[in-house]
Amino acid sequence: MKHLIDIMDLSVEEIDELIDKAKSIINNPDDYREKCRYKKLATLFFEPSTRTRLSFEAAMMELGGNVLGFSEAQSSSASKGESVSDTIAVVSGYADIIAMRHPKEGAPLVASYKSEIPVINAGDGGHNHPTQTLTDLLTIKMEKGGFDNLTIGLCGDLKFGRTVHSLVAAMSRYKNVKFVLISPEELKLPSYVKNMYIKKNNIPYTQTTALDDVIGELDILYMTRVQRERFFNEEDYLRLKDSYILTADKMKKASDNMIVMHPLPRVNEISTEVDNDKRACYFRQAKYGKFIRMALILKLLEVD
Ligand code: NCD
């Protein structure tokens, strides 16, 4: 049985297959409406979410399946002190597949050891977010046509932004990729991510605090929110939260072919005036998330 805990659990070929399947679903939705009839997805969300949980639920519904679960730890037995392992052992008996989000890094991995059904990591603390990365990869494929020869600017909270960590890992496997890491000093990409994926593969990268200086070089600008919930004190958050604000004026310096991505939710880091720019693709990106999650559910449930 296969789980998805880390994006590197999937080979490049498996990612291609998922992307092809997602495209097939986009083009022929009717062919998929009954694929998961009588199957149940449990969404165990110990931490807030809008897109990830709803897109998982919509994905399962569009496959003809059912959904059960909870959307906050307070409404589950975790609030009574139940361990993740025990919750999973029980839910394994009620559902066919689990999507789990947890504030503690590694919790979905622990869950997968105990589970009798596939577990999908829907975000673990400041660590990983593999299904956002699948969403990002489908977006890049649809908007840029492929993954090779791209200069990717990652901007904002690269320290706590789990979507960034998984995306760096995934993109490190493609040809002629370059990373431009744009963040305040305090929110730099963790060295374990840099060492494991960028340095180990000799991928060229630059680090800067100034978005303006580098925006003109980018094929993709991946903006992120400063992750308030991971800060130890509010003062630091307040000081850093508006480090980057992408405006229409700043977009003038970017190439006509650059795309702007964001996993959402957005706070202040992209001004709403940018939304009408054809290069802004974050709302399309959110939509792609449902289709790639449909493809993933089919794969893990071994449904053709
Ligand atoms: C991201 C997350 O949860 O890490 N959101 C999402 O799943 N689309 C990004 C974020 O919360 O900033």
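Couple of notes before you dig in:
- Relative contact order for the chain: 19 percent, from Cα pairs under 8 Å spaced at least 6 residues apart, divided by residue count.
- Dimensions (Å) - the chain, Cα atoms, principal axes, largest first: 54, 45, 38
- Share of carbon and sulfur in the accessible heavy-atom surface of the chain [1.4 Å probe, %]: 47
- Overall, the range 1-159 carries a charge dipole of about 380 debye about its Cα centre when +1 sits on the Cβ of Lys and Arg and -1 on the Cβ of Asp and Glu, all other atoms neutral.
- Pair LEU54, ASP277: separation of 7 Å Cα→Cβ label points (nm): 2.5
- Accessible area per residue for the chain is 44 Å², calculated with a 1.4 Å probe on protein heavy atoms, without ligands, DNA or RNA.
- Once backbone amide H atoms are built at 1.01 Å from N, ILE97 has LYS40, ALA42 as its partners under 5 Å, excluding neighbours fewer than 5 places away on the same chain.
- For LYS199, the lysines whose Cα falls under 18 Å of its own Cα, not counting residues fewer than eight places away in the same chain, are LYS159, LYS175, LYS178, LYS188.
- Note on the chain: with a GNM built from Cα contacts shorter than 10 Å, the maximum mean-square fluctuation among ARG230, ARG51, ARG101 falls on ARG230.
- Note on the range 1-146: lysine pairs with Cα distance below 29 Å, sequence gap of 8 or more or different chains, count 29.
- Derived scalar couplings ³J(HN,Hα) [the range 142-153; Karplus, 6.51 cos²θ - 1.76 cosθ + 1.60; whole Hz; x for Gly, Pro]: 5, 8, 10, x, x, 10, 7, 6, 10, 9, 10, x
- Span from the the range 220-266 Cα centroid across to the the range 1-55 one, whole angstrom: 27
- Extension gain for GLU186-ASN27 works out to 52.8 nm (0.36 nm per residue, less the C-alpha to C-alpha distance).
- Based on C-alpha pairs under 8 angstrom that are at least 6 apart in sequence, the range 13-71 has a relative contact order of 40 percent.
The values are calculated or read from the model by the stated rules, or taken from the named source; none is laboratory data. Since the structure is predicted, the reported quantities are computational estimates derived from the model, not experimental observations. So basically every Cβ, Gly included, is an ideal-geometry build from the backbone, and we count neighbours across all protein chains shown. Surface areas here come from the heavy atoms of the whole protein model, side chains and all, with no ligands, DNA or RNA. Shrake-Rupley method; radii C 1.70, N 1.55, O 1.52, S 1.80 Å.
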